[in-house]
Structures are given as C-alpha cells and as structure tokens.
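Following: one structure in structure tokens, then a few remarks.
Taken together, the values in this text are just the output of simple stated rules run on the coordinates, not laboratory data. Note that the coordinates shown come from a computational prediction; the quantities given were computed from them, not determined experimentally. Heads up, the Cβs are rebuilt from the backbone with ideal geometry, glycines too, and the neighbour counts pull from every protein chain shown.
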Amino acid sequence: MLKLFSGFAFLLLSACAVGQVIDPESYIKQNGSQKKAAAGLGIFYTTIKRVQADEIPPFMEAVKTMPRTEEAKNICQQQATGVQKQFDSEGRKDLRVRKSVGYGGPQDGKFGCVFFIESQRAIAATQVYFIKIVLRDKTYDAYTVIVSH
C-alpha cells in the first residue's frame with residue numbers, strides 16, 4: 001500500500017513540477033480583466049494572477065515546454081518593451097526588465113514569456129505572461145494573463 005501511495009504522490013508532484021500553460025482567453029472570461037481598445041487594432045484584455053514566489057517555477061516550466069519560435073520571441077520582446085515603458089511612465093526608474101527573457105509558442109494558439117524584473121542589479125520579481133491572440137475580421141483580440149508574485 002505504501003508503494004502505491006508513494007507512486008501516486010510521485011506522479012502528482014511530477015505533474016505539478018512540469019507546470020501548466022494557462023489559456024488566457026478562458027481564464028479571463030472566468031475571472032475578469034482590464035480591457036483596453038487600441039485604435040483600429042483590436043481589444044486587449046489583461047489580468048494578473050497573484051501567486052507566492054515559490055509558485056512561479058511551474059509556470060516558468062510550462063513556458064519551457066512551448067516551442068521556441070521567432071514569432072514568440074518577437075511577441076515577448078514587444079511585451080518586455082511595453083512593461084519597461086509602463087515602469088518608466090510610473091516613475092519606477094529603479095525597475096528594469098532583464099533583456100534575457102524566456103519565450104515559447106505558439107502552442108494551441110498561446111504564447112508564453114518569462115520576465116525577470118531587476119532592481120539595483122538584483123532580481124526583484126519574476127513574471128510569466130500567457131498570451132493568446134484571436135483574429136476578428138480585420139482586427140484582433142489579445143488576451144494576457146500575467147502570473148506574478
């Protein structure tokens with residue numbers, strides 16, 4: 001019986017360690033979001049999923065399971081630029097998005113990005129972005145879930 005329990009516990013822990021890619025569109029439809037329209041481009045839906053710092057690694061692992069493509073790299077670079085602009089506009093000159101970011105996708109229409117936020121040359125936070133872009137005629141909707149601690 002102990003062997004059976006140990007085997008089950010190992011499988012459960014292994015599944016948790018691998019992480020899970022969040023479907024941003026489904027998550028936002030269930031949990032709500034901030035909504036912004038970009039003139040002629042589409043609608044951007046964004047929400048933050050707050051977790052403890054020790055809960056971030058499985059989400060990072062999930063991004064690592066996604067294919068590393070040039071398209072994903074470009075999307076993540078655009079996101080990093082946007083995050084940095086937001087820090088700057090808020091007067092947070094002490095925060096920087098580290099240039100080396102993890103990225104992956106598309107996988108089932110989703111992309112993943114990992115950002116390390118630095119303050120005074122030390123990692124202050126880690127953020128994992130799950131992004132889904134849905135084409136709507138001549139525009140698109142972009143769903144983003146930011147996993148952060």
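Here are some notes:
- Cross-link table 35/132; 49/132; 29/110; 93/132; 35/64; 35/85, entries beyond 22 Å C-alpha to C-alpha: 93/132; 35/64
- Whether segment 40-120 is rounded, prolate or oblate, judged on the alpha carbon gyration tensor where a/c under 1.5 counts as rounded: oblate
- Remark: the Cα gyration tensor places the chain in the oblate category, a/c being 1.5 or greater and a/b not exceeding b/c.
- In the chain, the longest principal axis of the Cα atoms and the axis of helix 2-18 are about 10 degrees apart.
- Principal-axis tilt of helix 70-89 within the chain, Cα atoms, nearest 10 degrees: 70
- Qualifying GluC sites (Glu not before Pro) for segment 55-149 [loop in DSSP, other Cβ within 10 Å: at most 14]: 90
- Where labels lie 7 Å past Cα in the beta-carbon direction, separation of residue 71 and residue 50 in nm: 3.5
- The chain - charge dipole about Cα centre, Lys and Arg +1 at Cβ, Asp and Glu -1, debye rounded to 20: 220
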